[in-house]
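Structure record follows, encoded as structure tokens.
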């Protein structure tokens, strides 16, 4: 499948992301102060860079686990059907859980994951998203913490991809598609 040509314009700098993560880590530490262990659940694949930077800023005992859910595939529009491609390896019953999402768009993925994990009876479950696109929301859900609210633009970088490309950019950029003649 071929994808259209595009350019990328920087939306959020690497420096801004790092500074915001430091602020978020302080709030998370306050919320989970005294926890025996915080289970940090990264939603693959887009959150892997964010989760790595976030857990290094947390002065808490943490365990990292991953769950892979998909509602996009290689498309730029959500299918609204959330599939769990990889489940957690560890147990979260009675534990404190922080779900780390790269971007909350329609809300279908985060809502599905929170419902799934809540059914496993954790002690406390909170959510954090690096990016939030509230104008696209179709499900009534909001992350406990949000790094940045962004406009309805297709973004890449800092772990977020377009058809498995551009995850390695150190910043968040808007994808600008080149019109076809």
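Since every read-out is calculated from the coordinates, none of them should be taken as a lab result. None of these values were measured; they are calculated from a predicted model. With ideal geometry, Cβ positions are generated from the backbone for all residues, glycine too; neighbour counts draw on all protein chains shown.
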(message) I'd like the orientation of helix 108-118 relative to the chain: the angle between its Cα long axis and the longest Cα principal axis, in ° from 0 to 90, rounded to 10.
(response) 10
(message) I'd like the FRET efficiency for residue 64 and residue 154, computed as 1/(1 + (r/R0)^6) with the beta carbon distance as r and R0 of 25 Å, rounded to 0.05.
(response) 0.35
(message) Between residue 115 and residue 20, what is the label-point separation in nm under the 7 Å Cα-to-beta-carbon projection?
(response) 2.8
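Could you grab the relative contact order for segment 13-153? Cα pairs under 8 Å, six or more apart, rounded to a whole percent. Before the final figure, lay out each step's value.
Details: 261 pairs, mean separation 30.4, N = 141.
RCO, segment 13-153: 22 percent.
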(message) Can you tell me what share of the DSSP beta bridges in segment 13-153 is antiparallel? A percent to the nearest 5 is fine.
(response) 10
(message) With n ≥ 4 as the cut-off for DSSP H runs, can you work out [θ] at 222 nm for the chain, using -39500 (n - 2.57) per run divided by the number of residues, rounded to the nearest 500?
(response) -7000 deg cm²/dmol
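Packing-wise, with mean Cβ within 10 Å as the measure, how do 114-122, 99-107 rank, highest first? Present the calculation step by step, with values, prior to reporting the outcome.
Working: 114-122: 14.3, 99-107: 24.3.
The densest-packed peptide leads the list: 99-107, 114-122.
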(message) Taking just the alpha carbons, could you work out the radius of gyration and Dmax for the chain, both in angstroms?
(response) 16.2, 60
(request) Specify the angular offset, from 0 to 90 degrees and rounded to the nearest 10, of the alpha carbon long axis of helix 14-31 from the longest principal axis of the alpha carbons in the chain. (result) 20
(message) How tilted is helix 48-57 with respect to the longest principal axis of the chain? Cα atoms for both, answer in degrees (0 to 90, nearest 10).
(response) 40
